[in-house]
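The next block holds one structure in the form of structure tokens; read it before the comments.
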Amino acid sequence: MCPLIFSAGPANVTMASLGARFGFLKSLPFISGINLIVLAHALLIGFGAGTFLENYPGLFRYLQYAGSAYLLYLASKFFRSSKLKAREISDTVPNFVDGIILQLLNMKVVTVTMVMFSQFLDAGLEQVSQITMLSVGLASLTTGATMTWAAGGAGLTRIFASKKSVRLQGYIFGSMLICVSVWMLL
């Protein structure tokens, strides 16, 4: 599961950019929102919502479109902030609720969670403890990944702190979000 969770996805790319823009500590409420939803997704999918999504694939596709659109919106904010002068850039730090919204629309985590249960859930054993253990394990792993990406983004900003490099980071992170948005649709 580590390669799937640590790979570039909507939450991880956003965390790198937030870490770069606001620092690691100010990103923690957003990280908490993201990972609360990971745990909720895992529990819901483990206890049967995955079957619902399999029976209604159109709903899953609609959620993919909504998630992709949200990533494009975030990317546009990075591109705009790269063009603004420092005094024109909003200092509003994304919060816990923003993390919840992002992760609710993140179909990568839904897909990864379904893969996890299909690979590691043993139908012959007691289900409640397995689902709980796998869900908590997934949430712990995603917490480590989002914190790593936020710390990495914050570290890059300390290394490349000039106005030109900050603008370049905005373009890079915005472009990465566009790539992830397209990937979600494929």
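Could you go through the range 97-112 and let me know if any residue there is small (G, A, S), under 21 Å from S7 (Cα atoms), open to solvent by less than 60 Å² (accessible area, probe 1.4 Å) and at pLDDT 80 or above.
Taking every residue of the range 97-112 in turn, at least one turns out to be small (G, A, S), under 21 Å from S7 (Cα atoms), open to solvent by less than 60 Å² (accessible area, probe 1.4 Å) and at pLDDT 80 or above.
Could you check the range 1-27 and list, in sequence order, the residues that are under 23 Å from T113 (Cβ atoms) and without any contact (Cβ under 8 Å) to a residue 12 or more places away in the chain?
Within the range 1-27, P3, S7 qualify.
Return a yes/no flag: does the range 29-36 have any residue that is at pLDDT 80 or above, over 17 Å from L141 (Cβ atoms) and open to solvent by 30 Å² or more (accessible area, probe 1.4 Å).
Yes: one or more hits.
Take the residues of the range 76-93 that are within 18 Å of S27 (Cβ to Cβ) and open to solvent by less than 30 Å² (accessible area, probe 1.4 Å): which is modelled with the highest pLDDT?
Here the residue is F78.
So, in the range 113-150, of the ones that are open to solvent by 60 Å² or more (accessible area, probe 1.4 Å) and not in a helix (DSSP H, G or I), which residue ends up nearest to P10 (Cα to Cα)?
D122
Determine whether T157 is farther than 14 Å from L36 by Cα and either touching a Ser or Thr at 6+ places or on another chain (Cβ under 8 Å) or at pLDDT below 90 (or both).
Here the answer is yes, as T157 does meet what is asked.
Going by the conditions given, is G46 modelled with pLDDT under 75, open to solvent by less than 80 Å² (accessible area, probe 1.4 Å) and under 17 Å from V115 (Cβ atoms)?
Judged against the criteria, G46 is not a match.
The values are calculated or read from the model by the stated rules, or taken from the named source; none is laboratory data. Worth saying up front: this structure is predicted, and the values here are computed from it rather than measured. Please note: Cβ atoms are built from the backbone with ideal geometry, for glycine as well, and neighbour counts cover all protein chains shown. Surface accessibility is based on the protein's heavy atoms, side chains included, excluding ligands, DNA and RNA. Shrake-Rupley method; radii C 1.70, N 1.55, O 1.52, S 1.80 Å.
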